[in-house]
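Q: I'd like to ask you about the structure that follows.
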């Protein structure tokens, strides 16, 4: 799933080499922290957060199939 977040983010941004995804596992969920270049924040978040919500929806579907809970934080 980390690779999925990384792939989607690199497809959206202008500086894909600066995309970094950190995975933090807790007892009942997995938290992914997405770091992008400052100039690319708007591309990843989108108007009114629509792109970020779409990425979270895709992750939620993938996680549900595996029986896990996923949280995406854009840092």
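Q: Which length gain, in nm to one decimal place, applies between residue 31 and residue 54 when the Cα-Cα distance is subtracted from 0.36 nm times their residue separation?
A: Stretched out fully, the residue 31 to residue 54 stretch lengthens by 6.6 nm.
Q: Tilt of helix 50-66 relative to the longest C-alpha principal axis of the chain, in degrees (0 to 90, nearest 10)?
A: Helix 50-66 sits at roughly 30 degrees to that axis.
Q: Counting pairs of alpha carbon atoms under 8 Å apart in space and at least six apart in sequence, what relative contact order in percent does region 2-74 give?
A: It rounds to 31 percent for region 2-74.
Q: Out of every Cα pair in the chain, what percent are spaced more than 22 Å from each other?
A: Value for the chain (Cα pairs over 22 Å): 17 percent.
Q: Separate question: Helix-only mean residue ellipticity at 222 nm, the chain, DSSP H runs n ≥ 4 weighted -39,500 (n - 2.57), per residue, nearest 500. What is it? Each step should come with its number before you reach the end.
A: Values: 3 runs with 33 residues, N = 75.
It lands at -13500 deg cm²/dmol.
Q: What distance in nm lies between label points placed 7 Å from Cα along the C-beta direction at residue 45 and residue 18?
A: So the label points at residue 45 and residue 18 sit 1.5 nm apart.
Throughout, read-outs are computed from the coordinates displayed, never taken from laboratory work. Note that the coordinates shown come from a computational prediction; the quantities given were computed from them, not determined experimentally. Don't worry about glycine lacking a Cβ; one is built from the backbone with ideal geometry, like all the others, and counts go over all protein chains shown.
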